[in-house]
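Below is one structure, written out as structure tokens; comments come after it.
The values are calculated or read from the model by the stated rules, or taken from the named source; none is laboratory data. On a predicted model such as this, the values are computed, not experimentally measured, just so you know. Here Cβ is always computed from backbone atoms with ideal geometry, including for glycine, and neighbour counts include all displayed protein chains. All accessible areas refer to the heavy atoms of the entire protein, side chains included, with ligands and DNA or RNA removed. Shrake-Rupley method; radii C 1.70, N 1.55, O 1.52, S 1.80 Å.
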Amino acid sequence: MTRRLILWLTGATTAFWLIAAGLGVSVMRDEFGEVFDASLKETAERLLPLVIDHLHQWQGPFSPQHLQGQTEDLGDEYLVYQVRDRQGHILIRSHDAPAEPFAAPLKRGFWENADYRFYTASAGDGTVFVQVADAIANRNEAITEGGMALFLPVLVLIPVSIGLIWLIVRRTLAPVDDLRRAIEEKDGGNMAPVPSRMLPRELRPIARSVNHLLTRLQAAFDAEREFAANSAHELRTPIAGALAQTQMLIAELEGSKKRRAEQIEASLVNLGHTAEKLLQLARAEAGIGAGSTNVDLAPVLELVLTDFERGDQASSRLRFERQEGARLEGPYSEDAFAIVLRNLIENALLHGRAGEPVDIRLEKGGVLRIVNGVAPLAPDELQTIRKRFGRGATMSPGSGLGLSIAERLLEQMNVRFDVLSPATARKDGFEVIMWFADEAVA
């Protein structure tokens, strides 16, 4: 918008200046013509009585050349003249006047050809004619120089005007740009009102409308998060109860009935796992990733690892290394980070080779790596597993949601995320890398 305004304003201003200069040249041509014609007429009328008096007082042999030699040569003349008799013979002429008679007729008034504009003044008896000529080239030169005096400042003022217009437009539209940036910063984790007090009067209704919308969105997000939290509790309780009853039933049954009960148990376990993932996905879609205060995520990482190590699933496969001085601090959500870690570590344990460890490394600069042993994945398979419900060529159980949930939450936390296979400095393996923002790392 700024560029278009500058181009249009500059173009319009330049066009107006050029039109004004063109009109000025046209008016100047007419005015110059009137001034030059008046000068021609005045010169001829003043010369006529002087010439007549001079001719009456002249004694001796008479010739135009003799009379011409009696006057002093003052250089180039702007106006030239000839004094002619009734037959058209030249009696007197100025230094720069041609030796041949002018082409103008011996008739009082103005006359013009391609080279000169003439004015002819005549004596009362019609015996003497004074013809004064003004070269057309002189008039054109005067008009050209006057036109250049009008157009050259325009050429100088065009770049100056572009700079001034750019400065004025940028300063005038600065509140619009500020409002645009403030709106761009709004997402699921930033619902703070847009400042409107310093905005111009024309933009305040927009800011108020945006703030009303943000308030409604915040209320919707809060309701969605509350629903997800309540649903998690409501779904876990009946599934856990059914699972407990099934396990008690398995202890009491034998034979084929026991095997059927064990199948029900496995189905309930998978249902609970899928429900947990769906609820995590709902929370991720609700935008719980961004935080408003700086927190240290390193204790959360250690707590999640401790929970895994206490279970039978991890045993001694987890290996954690933290570089000296490595920290994770910033405006993050501890809850979202815990969900990310649980999903990524669970995937690494579930899909990695059973006999190989899962390496978790926290490095300086806010880099967190999770590596597990697995056959190298093809590039298209890497893209597939990042999609929702996407599963690679694996026989391990799972819903295909863990990586998608983690990526969604990390995006909300403004954490760069990537997956590699083979892993860094290895010929096989699968690696997840998270780059936390440098400014958020103490």
Dipole of the chain, positive end: most advanced residue of LEU214, LEU349, GLY109 [Cβ charges, Cα centre]: LEU349
Please determine, in degrees from 0 to 90 and to the nearest 10, the orientation of helix 298-310 with respect to the longest principal axis defined by the Cα atoms of the chain, where the helix direction is its Cα long axis. 30
Answer with one residue from MET28, THR14, LEU48: the one whose Cα lies farthest towards the positive end of the charge dipole of segment 1-53, charges on Cβ with Lys, Arg +1 and Asp, Glu -1. THR14
If the label point sits 7 Å along Cα→Cβ of LEU350, residues of segment 316-340 with amide N under 14 Å come out as 340
Taking every pair of distinct Cα atoms and averaging 1/r, then inverting, what Kirkwood hydrodynamic radius in Å comes out for the chain? 31.9
Of the residues TRP435, PHE308, VAL176, the Cα lying farthest along the dipole of the chain towards its positive end, which is defined by charges on the beta carbon of Lys, Arg, Asp and Glu, belongs to PHE308
So how tilted is helix 334-351 from the main axis of the chain? Cα-based, degrees 0 to 90, rounded to 10. 60
Per-peptide average of other Cβ atoms within 10 Å, ordering 218-224, 317-323 highest first: 317-323, 218-224
In vacuo Debye sum over C-alpha of segment 80-142, base-10 log of normalised intensity I(q)/I(0) at q = 0.22 Å⁻¹, listed in q order, is -0.84
Sort out for me the Cα centre separation of segment 364-383 from segment 101-121, rounded to whole Å. 99
Ratio of Rg to Rh for segment 115-164, alpha carbon only, Kirkwood? 1.47
15 Å cut-off, amide nitrogen to a point 7 angstrom out along LEU164 Cα→Cβ, residues in segment 1-45: 9-18
Suppose every K and R has +1 on its Cβ and every D and E has -1 on its Cβ; what is the size of the dipole of the chain about the Cα centre, in Debye to the nearest 20? 1880
Between LEU152 and LEU173, take the C-beta separation as r, use R0 = 35 Å, and let me know the FRET efficiency to the nearest 0.05. 0.65
Among DSSP beta bridges whose residues both lie in the chain, state the antiparallel percentage, nearest 5. 90
FRET efficiency estimate (nearest 0.05) - Cβ-Cβ, ASN270 to SER196, R0 51 angstrom: 0.50
Difference of contour (0.36 nm per residue) and Cα-Cα distance, ARG236 to LEU5: 77.2 nm
Rolling a 1.4 angstrom probe over the protein heavy atoms, how many square angstrom per residue are accessible across segment 91-164? 51
Considering only protein heavy atoms and a 1.4 Å probe, what is the carbon-and-sulfur percentage of the accessible area of segment 89-199? 62
Taking a probe of 1.4 Å, how large is the accessible area per residue of segment 177-217, in Å²? 74
In straight Cα distance, which lysines are under 30 Å from LYS427, not counting same-chain residues fewer than 8 positions off? LYS364, LYS387
